[in-house]
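Q: Once you've had a glance at the structure underneath, I'll fire off some questions.
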Amino acid sequence: MNLNNAIIHLITGEITLQKKELLYEGKAKKMYLSSEEGYLIQEFKDDATAFNGTKKGVIPHKGEINNAISSFLFEYLENYHIPTHFVEKLSSTEMLVRKLEIIPIEIVMRNVAAGSLCARYNIPEGTIMEYPVLEHYLKDDKLHDPMINEYHAYAFGHANPEEMHAISRIAAKVNAILKSFFDRRNLILVDFKMEFGKRGLEINLGDEISPDTCRIWDKRTHKKLDKDRFRHDMGGVEKAYAELRDRIVNS
Ligand code: ADP
Ligand code: UDP
């Protein structure tokens, strides 16, 4: 379901917001300009990709599930004073966000060993780590998102030390908040990816927080409720996404 006009409440009061032209189409979302300067409409697609875009598919209803989960979690994080781009959920697949100047660095937080970490350091999947690991990857599909450190970010002019410090602080806080949120729902937040951007001098958490960008396991059975089911053809992808949505949003 797509919107043409939406009544929204910005600080300026009640206004009618219109969806304007497509600004950018990515692998999982479309970003549209809106009639309000500085605000974008983020539309979640059912398209799924893995292994740097080499594996492609469609997960039915993923767009609405990821919008529901992301909207819920951004709102939840706002209660803990995490600065995010989220304004409001506009429709089943659309979210109103503040336009950010995205810093092209993917921040990955890990609590339990999985994915590329296991291969890189020869650590068995499922190893609980004594301290969360924060990693930086350059957001560049052509280079396959190589791992970098903070000094690369300064050297390449992507962010200064003060901004990187703010990002690390917010990332650690988001991890602590979400880890205990999931734990209370008998879920394990294994790892997840975040993107940050600048709005004036402020650093905001942007993009999405969804089963496309997180690894989440059932606490008791370790059943995977995330994109690993799609990556590794495990079946039951749509069902797992829907189960996760229900366990996050409806409990
Ligand atoms: P990709 O570009 O990796 O294929 P998506 O399909 O998720 O990813 O596209 C969404 C794009 O929008 C990403 O490039 C992301 O960095 C960018 N983005 C996310 N939030 C914002 C925001 N608030 N303002 C501007 N750009 C954003
Ligand atoms: N991730 C992501 N986008 C990326 C790379 C990773 O959302 O481009 C997420 C991924 O879903 C997982 C975490 O970041 O929750 C860590 O991913 P990992 O480095 O293990 O990479 P993978 O092996 O999954 O590509």
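The values are calculated or read from the model by the stated rules, or taken from the named source; none is laboratory data. Remember, predicted model here, so these are calculated numbers, not experimental data. Positions of Cβ are backbone-derived with ideal geometry, glycine not excepted, and every protein chain shown enters the neighbour counts.
Q: Quick one: V133 ticks every box in (1) within 14 Å of ligand 2 (Cβ to nearest atom); (2) more than 30 Å from I7 (Cβ to Cβ); (3) touching a residue at least 40 places away in the same chain (Cβ under 8 Å) bar one, so which box is it?
A: Condition not satisfied by V133: (3).
Q: Let me ask something else. Go through (1) within 18 Å of the chain's Cα centre (by Cα); (2) surrounded by fewer than 19 Cβ atoms within 10 Å (Cβ to Cβ); (3) of a type outside the set (F, W, Y); (4) under 24 Å from T221 (Cβ atoms) one by one and return the number of the condition L178 breaks.
A: (2)
Let's see how each residue does on (1) of a type in the set (A, V, I, L, M); (2) farther than 22 Å from K227 by Cα; (3) at pLDDT 95 or above:
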| residue | (1), (2), (3) |
| --- | --- |
| V174 | yes, no, yes |
| I188 | yes, no, yes |
| K193 | no, no, yes |
| I203 | yes, yes, yes |
| T213 | no, no, yes |
| I216 | yes, no, yes |
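Q: Out of everything in the stretch 214-229 that is hydrophobic (A, V, I, L, M, F, W, C) and closer than 30 Å to E101 by Cβ, what residue ends up being nearest to the chain's Cα centre (by Cα)?
A: The qualifying residue nearest to the chain's Cα centre (by Cα) is C214.
Q: From the residues in the stretch 77-99 that are among the β-branched types (V, I, T) and touching a Lys or Arg at 6+ places or on another chain (Cβ under 7 Å), which one is nearest to ligand 2 (Cβ to nearest atom)?
A: I82
Q: Select the strands (runs of 3 or more DSSP E) contained entirely in the stretch 82-156, then report the ones holding at least 1 residues which are within 16 Å of ligand 1 (Cβ to nearest atom), in contact with a Leu (Cβ under 6 Å, 6 or more places away or on another chain) and over 30 Å from Q18 (Cα atoms).
A: Answer list for the stretch 82-156: none.
Q: Check whether at least one residue in the stretch 21-28 is part of a loop (DSSP other than H, G, I, E, B) and within 13 Å of S92 (Cα to Cα), and report yes or no.
A: No - not one qualifying residue is present in the stretch 21-28.
Q: Right, something else. How many residues, within the stretch 98-125, are in contact with an Asp or Glu (Cβ under 9 Å, 6 or more places away or on another chain) and either within 14 Å of L40 (Cβ to Cβ) or among the acidic types (D, E) (or both)?
A: 4
Q: So if I check each of I8, I69, I41, which one is within 15 Å of ligand 2 (Cβ to nearest atom), in contact (Cβ under 8 Å) with a residue 40 or more places away in the chain and under 24 Å from L205 (Cβ atoms)?
A: Criteria check complete, one pass: I69.
Q: G57: within 16 Å of ligand 2 (Cβ to nearest atom) and not in a loop (DSSP other than H, G, I, E, B), yes or no?
A: For G57, the condition - within 16 Å of ligand 2 (Cβ to nearest atom) and not in a loop (DSSP other than H, G, I, E, B) - is met.
Q: Tally up the residues in the stretch 136-153 that are of a type in the set (D, E) and in contact (Cβ under 8 Å) with a residue 40 or more places away in the chain, please.
A: 2
Q: Right, another one. Go through the stretch 48-66 and give me each residue that's over 20 Å from G115 (Cα atoms) and either without any contact (Cβ under 8 Å) to a residue 12 or more places away in the chain or surrounded by 18 or more Cβ atoms within 10 Å (Cβ to Cβ) (or both).
A: Passing the criteria: I59, K62, G63, E64, I65, N66.
Q: So, in the stretch 181-213, of the ones that are under 8 Å from the mean Cα position of the chain (by Cα) and in a loop (DSSP other than H, G, I, E, B), which residue ends up farthest from ligand 2 (Cβ to nearest atom)?
A: So, considering only residues that are under 8 Å from the mean Cα position of the chain (by Cα) and in a loop (DSSP other than H, G, I, E, B), the one farthest from ligand 2 (Cβ to nearest atom) is G206.
Q: Can you find a residue in the stretch 45-60 that is among the polar types (S, T, N, Q), closer than 26 Å to R169 by Cα and within 15 Å of ligand 1 (Cβ to nearest atom)?
A: no
Q: If the requirement is being within 29 Å of E163 (Cα to Cα) and touching a residue at least 40 places away in the same chain (Cβ under 8 Å), which of these qualifies: L23, L117, L33, L90?
A: Going through L23, L117, L33, L90 in turn, the sole match is L117.
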